[in-house]
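Working notes, beginning with the structure itself.
The values are calculated or read from the model by the stated rules, or taken from the named source; none is laboratory data. The structure displayed is predicted, hence computed values, not measured ones. Here the Cβ is made from the backbone with ideal geometry for all residues, glycine too, and neighbour counts use every protein chain on show.
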Amino acid sequence: MKRRIPGTQPQATAHPLIESNLTDKPVSMGKEGLRQWIWKSYLRVAVLPVIAVSLSFLVIYIIGNHMVYRQNVDAIRQIAYRKLAYAAHQEGHIISERLQTIAALTNVLSKRTGAALDGKAPDSPGPRDRFRLGKDGGLVTLYDNGEPASFYSRRVKVGDKQLKRMENLAVIDLTMVLIKTSFENVISVYFNSSDYYTKIYPYVDVQKQFRDDEDVTKFNFYYRADANHNPARKQVWTEPYLDPAGHGWIVSSIAPVWRENKLEGVVGVDISVGSLAQDLKDADLPWEGFAILVSPAGKIIAMPPRAEETLGLRNLPPHRYTAPVDANTFKPASYDISARPQLNELAARLGNEASGRSIVTFDGKRHLVQFDSVGESGWKILVFSREDRVLSSANALQSTLHARGILLALILSAMIGVFIWIAFRSSQRMNTALAEPVSALSETIRRIGEGALLQTFSGNEIREIDELGHQIVQTGVSLNDARLRIRAQEEIVADALDREIRLNAELKDFTRQMVHEIRNPLAIIDSSMQIMLRNGENIELGAIRNRASRAREAVARISEIVSRLALIQPTGASGNAYEGATDLNKVITDACNRSVLAHPVELKLSGSDPHVRNPAALGLALTNVLSLVTSVANDSTLITVAASSAGTMATISVSFTHDVGLTGTEELSSTTSYNDKRLSAEPYLFVANKIITVLGGNLKTERQAERTTYTIHVPVDVGEPEA
Amino acid sequence: MMGTILCIEDEGELREDLVDELRQAGYNVKEAADGVAGLSMATDEGVCLVLCDVRLPGLDGIELMKRLRSKRDQSSLAVIFLTAFNDPEMLHTLAGLGAHDVFVKPVDYDELLASVARVQVGFP
């Protein structure tokens, strides 16, 4: 077993009680620190729930806003449709009233024309010089005198009969004037007869405007009222068409003139499309809406400029009559709403439904559409309004709510940010209050683990940490006490072991010396024997006696040495290893009992009875001293053995009176060679001195006159012997 | 012609017997009773072998051997030790000093003389 040398152990070396723990792999590797744990805990229990709740409220707010917006949109749209329906109805009603009046006047004109054809000519039918007959037939009016113009196609040879009809029809001139002047929308009033006669008011330069062989019956404003197209013989409205009489794009209210199941002709009242468009433009429609008129055939009759922009169409410009119009000229197909993809579905509904609603999209913009019938005309009025304008208030509200939502989100984000910052600062403070003391305690434990057992702790405001800190410090103190005790024990054991080792070495040396001392007289004896064997016949008797005497002296030396050896064997009661008492007085008594056989002994034992650390060694040393004394003292000499103790030192003195010379009153030291002193001091004294020195004491010899005293000073233990 | 043998032994009776045996064997023998005197005589002219006890008063045999080896002219002087110590450490120490032979007491004179003769044969 390797010895531990006291005082040479580094302070920082781990104590044996805890060094095994230091070799273990740290269990904290790979684990998060308290700082991170605290912050994560804050995140889990505070920050994340707050964020989740805030986001939930924000989402609820956004969803609620959206739902409110949708409900608002639906409600506003319903309101808008009702409003548009009302507007469409109103505008349709206004136009319908006007058209019905015109239709009624057309019927009046038809009846009066029929009556005129049956009746007599007025008294003053007018000047005949306004008319001129053509060479090959026909008749034209030459100038305007404020009365209607008349025209006969060259297809008819105008005679009296025709002139008579012209004069009879003069009775409707006033009616035609009244119709024209009663309504500004009316641009002309006319009568076309089946025999190619035309009477038209206001005046038209028929020579320029009409072909001389004009066939009026092929125009729509005539045949639409004939028996094939109008079997009911009622007033009807034409599709928009280019007026041959030079008034541009018009629609006509026409009615047949029947006499005895013969179609005499058709009367008509023309209305300009432009005037209708102006009426639509002037209409006050909500949300900047617009209205268009659509014919039963799906053709756009009239529309305001706003509709032109939206539909991408233009009202046809006024026609420039560079030549007579000799055929029906209708609006192009682009004015047919059924030909437009956005209005296709709506066009189909117009033919089937009197009124209705729809949504159409132009250029990506949705429009609410409400349509209604225009009286008995068969026309439809369509009112359009852009949905974004209809929903502008809802959209504005939505935008406001959206902006407020963003603001709310920003405020929430800012509040969450502030909250996170506060939570982070709080975690920092908690870390300062908790992690740092824990870290400091961990450092304290680490230092204790490294051997610096005496640590300090300044206390903590948290009771548990405060208690833990003081317990750790107290544990270090306890460990330090234990270490000191262990070191003390180690030193005691080491000292004892050292003493044992030195004692063994001395005993070995002593034995070696004894062997040496024996071998020398043996060598003398052996030498004599060899010489006698080799030269016995030549040795004289005196020499033989001399050699015998040498041999006896040598034997006596050997005997003496053996006797001493027998005396100094450290034996106990069993005769083997020392098993005697450990207290001082008992050790002295045992030694005296072994050594002093024939001499009177005076024992003065110690008043106290301390414990001897190595009773066997002390007993051996004392036995040697007593052997020395008994070897030189007379049998009757009183030997006084006295013992005393003071503190941790005991004193044992052996004194006697003698009359033989004991050399040496000198002190013996442990370094003194036995051989050098053998002539002055006995080997007993040498051995005793060696043993006492090993035990930490000393042996002194003092001679006064004829009294010699050997004094042993040796350390002892006060109290219970150590285990 | 045989060289001179120096016998150093503190035991007088034993030294006397050794000297007698060596002289009877034909050797010239000088004697000394302690190490100091022995060291002095070892430097005398004609001494070619030292028969030396280990334990000697004044200067023991080991120290005497070391001093002889430290002197140039005596560095090769033959030495036979006689000792009452028979422990291996002592024998090892003596051999390490360059002793020609070591005898543990009691000494057999036949063996001693044989050893001395072997040493003498090697001398010029």
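Among residues of region B:108-124 being out of contact with any Lys or Arg (no Cβ under 8 Å at 6 or more places or on another chain), within 14 Å of chain A (Cβ to nearest Cβ) and in contact (Cβ under 8 Å) with a residue 12 or more places away in the chain, the one that is nearest to B:L22 (Cα to Cα) is B:L113. Taking the conditions (1) surrounded by 12 or more Cβ atoms within 10 Å (Cβ to Cβ); (2) closer than 30 Å to A:Y197 by Cα; (3) basic (K, R) in turn, A:K83 satisfies each one other than (2).
For B:M90, the conditions (1) within 14 Å of another protein chain (Cβ to nearest Cβ); (2) buried (at least 23 other Cβ atoms within 10 Å of the Cβ) all hold with the exception of (2).
Considering only region A:594-608, how many residues are within 15 Å of A:L628 (Cα to Cα) and either of a type in the set (D, E, K, R) or in a helix (DSSP H, G or I) (or both)? Of the residues in that region, 2 qualify. Of everything in region B:17-29, what is crowded, with 18+ Cβ neighbours inside 10 Å and either modelled with pLDDT under 90 or at the interface with chain A (Cβ under 9 Å from one of its Cβ atoms) (or both)? Give them in sequence order. If the condition is that a residue be crowded, with 18+ Cβ neighbours inside 10 Å and either modelled with pLDDT under 90 or at the interface with chain A (Cβ under 9 Å from one of its Cβ atoms) (or both), then B:D17, B:L18, B:E21 are the ones that fit. For region A:212-225, give me each residue that is touching a Ser or Thr at 6+ places or on another chain (Cβ under 8 Å) and assigned to a loop (DSSP other than H, G, I, E, B). Hits for region A:212-225 are A:D212, A:D213, A:E214, A:D215, A:R224.
Is one or more of the residues making up region A:6-26 at pLDDT 50 or above, in contact with a Lys or Arg (Cβ under 8 Å, 6 or more places away or on another chain) and not in a helix (DSSP H, G or I)? No, region A:6-26 contains no residue that is at pLDDT 50 or above, in contact with a Lys or Arg (Cβ under 8 Å, 6 or more places away or on another chain) and not in a helix (DSSP H, G or I).
Filter region A:505-518 down to residues that are of a type in the set (D, E) and under 26 Å from A:P615 (Cβ atoms) and give me whichever is nearest to the other protein chains (Cβ to nearest Cβ). Working first, answer last.
Here is the first cut: in region A:505-518, the ones of a type in the set (D, E) are A:506, A:509, A:517.
If we keep only those that are under 26 Å from A:P615 (Cβ atoms) too, we end up with A:506, A:509.
Details: A:E506: 15, A:D509: 10 Å.
So the residue we want is A:D509.
The residues of region A:239-281 that are more than 22 Å from A:R98 (Cβ to Cβ) and among the acidic types (D, E), listed by number, are A:E260, A:E264. So for region B:35-52 (the condition being farther than 16 Å from B:V102 by Cα and within 14 Å of chain A (Cβ to nearest Cβ)), does at least one residue qualify? Yes, region B:35-52 has at least one match.
On the stretch given as region A:519-534, residues that are within 8 Å of chain B (Cβ to nearest Cβ) and over 14 Å from B:A84 (Cα atoms) total 4. Residues satisfying the criterion are present in region A:494-504 (criterion: farther than 21 Å from A:L620 by Cα, more than 14 Å from chain B (Cβ to nearest Cβ) and either modelled with pLDDT under 85 or out of contact with any Ser or Thr (no Cβ under 7 Å at 6 or more places or on another chain) (or both)). Of the residues making up region A:524-558, those that are buried (at least 18 other Cβ atoms within 10 Å of the Cβ) and either within 14 Å of B:E21 (Cα to Cα) or out of contact with any Leu (no Cβ under 8 Å at 6 or more places or on another chain) (or both) are A:I524, A:I525, A:D526, A:S527, A:S528, A:Q530, A:I531, A:R547, A:R550, A:A551. Considering (1) at pLDDT below 80; (2) under 17 Å from A:I692 (Cα atoms); (3) assigned to a helix (DSSP H, G or I), the lone condition that A:E560 does not fulfil carries the number (2).
Strands (runs of 3 or more DSSP E) wholly in region A:226-318 with at least 2 residues that are among the hydrophobic types (A, V, I, L, M, F, W, C) - which ones?
A:248-259, A:262-272, A:290-294, A:300-302
Taking the conditions exactly as written (small (G, A, S) and buried (at least 24 other Cβ atoms within 10 Å of the Cβ)), does A:A232 satisfy them or not? No. Scanning region A:264-281 for residues that are hydrophobic (A, V, I, L, M, F, W, C) and modelled with pLDDT of 90 or more yields A:V266, A:V267, A:V269.
Of the residues in region A:218-225, not one is buried (at least 23 other Cβ atoms within 10 Å of the Cβ), closer than 30 Å to A:L368 by Cα and among the aromatic types (F, W, Y).
Scanning region B:74-87 for residues that are more than 13 Å from every other protein chain (Cβ to nearest Cβ) and at pLDDT below 85 yields B:Q74, B:S75, B:S76.
When B:R69 is tested against (1) more than 13 Å from the chain's Cα centre (by Cα); (2) within 14 Å of chain A (Cβ to nearest Cβ), just one condition goes unmet, and that condition is (2). With a requirement of 1 or more residues that are over 16 Å from B:Q120 (Cβ atoms) and in contact (Cβ under 8 Å) with a residue 60 or more places away in the chain, the strands (runs of 3 or more DSSP E) lying completely within region B:6-107 that satisfy it span B:78-83. Starting from residues that are among the aliphatic types (A, V, I, L, M) and part of a strand (DSSP E or B), keep the ones in region A:172-206 and report whichever is surrounded by the fewest Cβ atoms within 10 Å (Cβ to Cβ). Residue satisfying both the conditions and the ranking: A:I187. Residue-level check: of (1) out of contact with any Leu (no Cβ under 8 Å at 6 or more places or on another chain); (2) under 26 Å from A:E517 (Cβ atoms); (3) away from every other protein chain (no Cβ under 14 Å), B:L14 misses just (3). Yes or no: region B:55-63 includes at least one residue that is modelled with pLDDT of 85 or more, touching a His at 6+ places or on another chain (Cβ under 8 Å) and within 14 Å of chain A (Cβ to nearest Cβ). Yes, there is a match, as at least one residue in region B:55-63 is modelled with pLDDT of 85 or more, touching a His at 6+ places or on another chain (Cβ under 8 Å) and within 14 Å of chain A (Cβ to nearest Cβ). For the structure I just gave you, tell me whether A:S413 is small (G, A, S), within 29 Å of the chain's Cα centre (by Cα) and under 26 Å from A:L55 (Cβ atoms). Yes: the conditions hold for A:S413. Taking (1) in contact with a Gly (Cβ under 8 Å, 6 or more places away or on another chain); (2) within 14 Å of chain A (Cβ to nearest Cβ); (3) of a type in the set (V, I, T); (4) under 26 Å from A:I525 (Cβ atoms) in turn, B:V104 satisfies each apart from (1).
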